[in-house]
1. Go through the stretch B:53-148 and tell me which strands (runs of 3 or more DSSP E), entirely inside it, have 1 or more residues that are of a type in the set (D, E, K, R).
2. For C:GLY307, which of the numbered conditions (1) under 30 Å from C:ILE20 (Cα atoms); (2) assigned to a loop (DSSP other than H, G, I, E, B) fails to hold?
3. Can you spot a residue in the stretch C:346-362 that is among the charged types (D, E, K, R), in a loop (DSSP other than H, G, I, E, B), within 14 Å of chain B (Cβ to nearest Cβ) and farther than 30 Å from C:SER232 by Cα?
4. Only residues that are within 10 Å of chain B (Cβ to nearest Cβ) and either closer than 23 Å to C:LEU156 by Cβ or part of a loop (DSSP other than H, G, I, E, B) (or both): list them for the stretch C:443-461, please.
5. Please name all residue pairs, on different chains or six or more residues apart, with Cβ atoms under 6 Å, provided the first residue is in the stretch B:366-391 and is free of Cβ contacts under 8 Å to residues at least 12 places away in the same chain and the second residue is surrounded by 15 or more Cβ atoms within 10 Å (Cβ to Cβ).
6. For C:GLY299, state whether it is buried (at least 22 other Cβ atoms within 10 Å of the Cβ), in a helix (DSSP H, G or I) and assigned by TED's automatic domain parsing to the domain that holds C:PRO129.
7. Taking the options C:ALA80, C:ALA8, C:ALA54, C:ALA91, name whichever one is closer than 26 Å to C:ILE408 by Cβ, small (Gly, Ala, Ser) and either in contact with a strand residue (DSSP E or B) (Cβ under 7 Å, 6 or more places away or on another chain) or without any contact (Cβ under 8 Å) to a residue 40 or more places away in the chain (or both).
8. Output the number of residues of the stretch C:385-400 satisfying the condition of being in contact (Cβ under 8 Å) with a residue 24 or more places away in the chain and surrounded by fewer than 24 Cβ atoms within 10 Å (Cβ to Cβ).
Amino acid sequence: MKLTCIMCPVGCQLEVTKQGKEYVVTGNNCIRGERYGKEEVTAPKRILTTLIQTHKGVLPVKTTSPIPKEKIMEANRLISKMNIAEGKSGDIVVSNILGTGADVVITGDYVVYDL
Amino acid sequence: MKNYDVIVIGGGPAGMAAALKSSENGCKTVIVERNPFLGGILKQCIHNGFGLHYFGEEFTGPEYAKKFVEMIEKTKNLTIMTNTFVTNIDGTNVDITSQNGVDRLCGKALVLAMGCRERTAGNILLNGTRPAGIYTAGEAQRMVNILGKMPGKEIVILGSGDIGLIMARRLTLQGAKVKAVMEINPTTSGLRRNIVQCLDDYNIPLMLQTSIFEVLGDGRVEGIKYGKVDDRYNRIPSTTKTLKCDTIILSVGLVPETDLVDLPLNRVTKSVMVNDYLETANDGVFACGNFLHVHDLVDNVSLEGAAAGINASEYAKGKLSKGKVYSLTPDGVISYVIPNTVHSGEGEIEIRFRIRARIEKSNYVIEDESGNQIMKKYVMAAMPGEMQTIKLKRDLIKSNLTLKVVKL
Amino acid sequence: MNRISKDAVIIGAGVVGVSIFNDLTRSGYDVAIIEKELDVSTGTTKANSGLIHAGFDCKPNTLKAKLNVEGNAMYPEICARLGVELKRLGAYVVGNDEEAVNNLMEKGKANGVKGMKKLSNSALHKLLPNLTPEMTTGLFAENAYIIDPYFYTICLAEEGVINGGEIYFDYHIKSIKQTANGYVISNGKEEIITPIIFNAAGAGYNDVAKLLKSELYNVVHRRGEYYVLDHSEKDVVKSTIFPLPTKAGKGVLVTPTVNGNILVGPTSYESDDTTVTTAEGLADIATKVKKMVDNVNLGKTIRVFAGVRSIVGEDFVIEPSQKCKGVINIAGICSPGLSSAPAISQMAIGLSGLKYDPTIRCNKIAPYTNLSKMSVAEKNALIRRDKDYGLIVCKCEGITLGEIKDAINRPIRPRTMDGIKRRVRAGMGRCQGGFCNDKVAMIISQENNIPLNSVVKEKSNGYYMLSRSGVNEKL
């Protein structure tokens, strides 16, 4: 599997191959590249940021920690379907989303233009 | 008429940091902000990746803004004027319009932190029709993240700037189909992690050296003709293809909001020029943030804003003493450098600059007039999308200086 | 089906149709305009050079020559009545062909144009220091004006409405039936009965003529592309500067606009009825303008656009239909159509047998609120009365919430974002609405009590935003 390392500006072109049970990273210039390459291949994780609908408008939310990449779309669908009364920054709207251990928390407050 | 020690125009990340430092330094400070809230564009940047450098913790845009707003609320000596527009700048004074009327604020020092605007379809001479469905990335971002609406369903993004990349992911998560991100240059202008996390993660095609040749559609965008361009941006007509879409999002660069400023502008940054105290050619007028030059990270914007705030408040107190002035000129692959002039004396200067092309295994070198290296810093690799920073001690400055890259 | 009866119906709400509408309503007639778009002034009228020509380059003894000079003389009074800005900057024609200049001077004389002056090389360069050295000869005509063509047309239409006229927008004609005493126009929902029809449909003239079974003309469309430059460039020229005219038209000119921008263009390409801009066209303008003046910085472009003008032979066509009694054909109104519009209207009314007598209904429109023209004291008084005048929505042009709301609550209520832009310039500045489009859409939605996702930019299918689930509501 070919990857671009994003740990630093060098942007090493990594190649990760499986040799037996172990993953081997080549093309990296440092240990951080090796770590990134292995994690991207075995268990890539991302923080999901999206919106939640409330009766008073949308609010931004995020997962409190990175969740497995393959669960991003499902988690996003789940949050997108919700419609809560209202919320404020810091409110947890989903606990332990999809069993990932991450909560979904509101990250901002309503923005109102005085028109 | 109202009097202040320091007036800060703009309540985004640069202006908030500047005002905070100025008031903490004991100066009666005011932020003039045109939006009904502080935070600027951060409020619509709901993605994460902010704050690692400034706070040592990763935040989303609204969270990062809130951190500052909370500090500002605890600060004495700091007035916030929202829904207030500066209509004229006169030295360190400004004329404002708000729902309270037209007024003049008089300051001992002024900080310009007005940020940028986005380049438009007109600026890039986008060809074809001019229907609804063409948005700048920031406009679309506000529509989605703040208004909770959608610009369209089938989207083409022109330009691979960071906001464009972020919007590609955002719109995908909101249910739109992002058909392509097109970049006229052979390399992207956005951060690499955004290419990976916003495009690659969602299988959104990135088309390099590609541009929109013609917008199709009468009332609403119905598609585009697009194709390849050569190294000099000339279209290659034989590569023309048609793509159906209802939305075009432009992420084709930012222009500092210098309209109110009557000062000579730098050709590259398209903004004012400053000395190592971030002071412009007008005494007591300081500049920072994306108004001064387009930054890569908001953390760097806040750091620069904080520096401008400290310097402006020192100036307002009559305490900003400066040594002898020399020029600092970028050379070769370095496209611009901030500051444009430097002073001898005490302390350390933060020098920020960008490079035109990817470099690796090189030294950033500062030379004096006679070609002697007075300072160097090794760089393993760097990309044009990433702002570069080096530090320089003022006691080393004894003549005009040049900043260059020396390949090892 | 709803049936309405009118003394006359005008098809097309461009400057010609609206001029007739205005003159007839003031003359006491019960008239209507039917317009396929959602606002007045959305075709040729919105996309041209915005000039009231002096009339020296029209071929003598043509309708163009006669109506241009007549129309030109009528503008100051009409604009004063409407409160529309008309600036008499004069116009230069420059080049290096002395004979061509003499020829223009002769034509001007034949057409009855006053205030023309031939200029020597040195006089020319003294007056226009930015002219290139290749420009060695020229003339100046003092009776040339700049105007905001769509704003003028909007005000003219508003005056017609407060004098009893009606405008049917979004009216798509399905059929026009001739009856014993006139015509029945139908869109399938509303029928309008009238003895007199003015076909002022502009680029759509033949489409309407086909429905009427009146005369079809060989209409050729010519597309003209333009650059609009930022306010920062407003001083690069102080008057309109034309090159010597060619067969294709008046050539690429540079002119200030009444709103403090610079306009550079147009090209003149034979084309379909489309308003596309092209790389070739824009490059062509850039080359041509550089030959004439050396200080125009196209890097300061904030917008490019194109307009279409319809051409029928060498002259305007303004004549009663021989096939359809009571129908007045108005076709081929290319340049100088805007300049001639007031005179075209009077001529067309004369041909229809109706009587022009503007003393019958004399209601005047209220002037638009324009804070940029006010003193600080006036602004403060206004903001004290209503704080909406203190909230700037369009930061580039400095347009307040109060001004936008006022523009919506007028005799013609604009429903589109471009309609707001043409009335009060919100979104017309250097950021091209990047910061205010959404706010303008919200204001339109609130003032008209319609859903936000039903607000359109210009055309009825040109929705600006969808709901979160990707839906737009069509009104």
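1. Strands (runs of 3 or more DSSP E) meeting the threshold: B:85-90, B:93-98, B:101-112, B:116-118.
2. C:GLY307 satisfies all of (1) under 30 Å from C:ILE20 (Cα atoms); (2) assigned to a loop (DSSP other than H, G, I, E, B) except (2).
3. No, that holds for no residue.
4. Result: C:VAL455, C:LYS457, C:GLU458, C:LYS459, C:SER460, C:ASN461.
5. Qualifying pairs under 6 Å: B:GLN373/B:VAL365; B:GLN373/B:GLU367.
6. So C:GLY299 fails the test.
7. Answer to the selection: C:ALA80.
8. Residues flagged as in contact (Cβ under 8 Å) with a residue 24 or more places away in the chain and surrounded by fewer than 24 Cβ atoms within 10 Å (Cβ to Cβ) within the stretch C:385-400 amount to 3.
The values are calculated or read from the model by the stated rules, or taken from the named source; none is laboratory data. Every value quoted in this text rests on a predicted model; they were computed, and no experiment measured them. Using ideal geometry, Cβ is built from the backbone for each residue, glycine included, and neighbour counts are taken over all protein chains shown.
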